[in-house]
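What follows draws every value from the coordinates through simple rules; no lab data is involved. Only a predicted model underlies this, so the values are computations on that prediction, with no experimental measurement involved. All Cβ positions, glycine included, derive from the backbone under ideal geometry; neighbour counts span all protein chains shown.
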Amino acid sequence: MLRRMILLFLLSTSPAWAQTLSKTLPNGLKVIVKEDNRAPVAVSQIWYRVGSIDEKEGKTGLSHALEHMMFKGTPSVPSGEFSRRVSALGGRNNAYTTRNETVFFENIAAGNLPEVLAMEADRMKNLNFSDKDFDNEMNVIREERRLRTEDSPYGKLWEHIFLNSYQTPALRAPVIGYMNDLNILKANDLRQWYQKWYAPNNATLVIVGDVDAKQTLNTVTKLFAPIPSKTLPARNRFNNEKMATKPVRAQTFSAVTRQPVFALSYRVPKLRNIGDKMPYALDVLSDILSGNSSSRLDKNLVRGKQVALNVGTNYDLFNREMPLFTIVGMPGAGTDVDTLVRLMRNEIDDIAQNGITQEELDRIRKLSAASEIYANDSITAQASLMGKLETRGFKYSDEAELRRRLQQVTIAEVQAAAKLLTPERSSLVVVQPQSAQVR
């Protein structure tokens, strides 16, 4: 209790003059700078609006592979030097690729931020990796795929979730790419991908920390404004994807699990406009079903009937693609997959028929409010949300209104969301232990 009071005090006593400024440079780069002066540190995140859903058949894994190659040098920052220089400045850096975007970030002492930004501007324009570096890094990426997908039951599960939930190749493909494609990608494939998508008018730069917002905008302008914009390629279209179709069931096997794991997924709407209601209700429904000890599935199936070892839900209302509402589970000893799936569907049907209680809704609202407080205590979390909103088609300034609308979701709207989760929208993917294949 004392810790929370201290946290609330610190948040409430942020300097009144702390501000957030944004600017779109003439070359199209969106820049957002938010002052947070509680510690002499800053985070820089550059979000490129390109991910696996922008790729084509036979060339999967391009976005993720290019993320790796972005550390392989420019004429002024040789291969391996980027991370070494950030580390020498006392900072840390990394990157990640999703289905929607590729993100590069640095956490650094605020006084060293200009040097980091200069290196980011440099590699936005001047990436120059060798064929040898490409060959070496592709070996790393193939091993990463073996470790995270082929040798992981949950990695294999998520790959098959997308493979069996969609018809469009770009939506079905894994972020890391198929192994067959990783074996035939060439260095020039990545160079062309870089030339197509790595441009200021396809990026958002977010900076949060102990900075002067106006001065930092001036620094960014000097470093990034000289980089020319590009004509971006046409993006993949997903108009042929249908919400309702025949239910899908698929099965695969893994040698590294003794218990089956499965995912029950439903094709559902994404948030297109702030005024849409159903995506907010789906987000609340996800929390009602799982996420804390009082959630329906955790309370009734894990601790109550003890038919599940674990359960979890996943839904992201901010998407460039058709999102999935996914429930992942692992049956307990003596329970088969079909039984647990039936019990999960019973819980959804109960909400669809009878709704939820006011107590449940109030609990989710309080948890959501608490998560907002804790997110604001992290400069990384603040930057990540702003970057995500901008990259997924919204504005960073929409955050307050989005949170307000989440708090206004009603019992009737949650009930309507549960009614969307029908067999015609669903796919069921099961990863069985390898031993089950040879019986």
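Here are the numbers:
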{"quantity": "Length-normalised contact order of segment 20-225 in % [C-alpha pairs under 8 Å, at least 6 apart]", "calculated": "41"}
{"quantity": "Unsatisfied cross-links (Cα-Cα over 19 Å) in the set 125/196; 23/395; 196/388", "calculated": "196/388"}
{"quantity": "Computed [θ] at 222 nm, helices only, for the chain once each DSSP H run of length n ≥ 4 contributes -39500 (n - 2.57)", "calculated": "-13000 deg cm²/dmol"}
{"quantity": "Partner lysines for residue 156 [C-alpha distance under 22 Å; skip if fewer than 8 residues away on the same chain]", "calculated": "56, 59"}
{"quantity": "The chain: antiparallel DSSP beta bridges as a percent of all, rounded to 5", "calculated": "75"}
{"quantity": "Amide H contacts of residue 251 (H built 1.01 Å from N, under 5 Å, at least 5 apart or other chain)", "calculated": "430"}
{"quantity": "Residue-wise HN-Hα coupling along segment 310-320, computed from phi with Karplus coefficients 6.51, -1.76, 1.60 (Hz; x: Gly, Pro)", "calculated": "7, 9, x, 10, 9, 8, 10, 6, 9, 8, 8"}
{"quantity": "Which of 282, 40, 295, positive extreme of dipole for the chain (C-beta unit charges)", "calculated": "282"}
{"quantity": "Segment 28-80: GluC sites (Glu not before Pro) in DSSP coil with no more than 13 other Cβ atoms inside 10 Å", "calculated": "57"}
{"quantity": "Euclidean distance between Cα centres, segment 306-346 to segment 93-145, Å", "calculated": "35"}
{"quantity": "Prolate/oblate/rounded call for segment 248-436, Cα gyration tensor, a/c under 1.5 rounded", "calculated": "prolate"}
{"quantity": "Listed residues 91, 205, 182: farthest to the positive end of the dipole of segment 20-225 (Cβ charges)", "calculated": "205"}
{"quantity": "Three-way shape call for the chain based on the alpha-carbon gyration tensor, with the a/c threshold at 1.5", "calculated": "oblate"}
{"quantity": "Within the chain: Cβ-based charge dipole about Cα centre, in debye rounded to nearest 20 (Lys, Arg +1; Asp, Glu -1)", "calculated": "540"}
{"quantity": "Highest-fluctuation residue, 89, 285, 271 considered, GNM on the chain with Cα pairs under 10 Å", "calculated": "89"}
{"quantity": "Under DSSP loop assignment and at most 16 Cβ neighbours within 10 Å, longest chymotrypsin sites (Phe, Trp or Tyr not before Pro)-free interval of the chain", "calculated": "18-237"}
{"quantity": "Contact order relative to length of segment 256-413, as percent, for alpha carbon pairs under 8 angstrom and 6 or more apart", "calculated": "26"}
{"quantity": "Choice from 177, 304, 51 with maximal GNM fluctuation in the chain (Cα, 10 Å cutoff)", "calculated": "304"}
{"quantity": "Three-way shape call for segment 74-131 based on the alpha-carbon gyration tensor, with the a/c threshold at 1.5", "calculated": "oblate"}
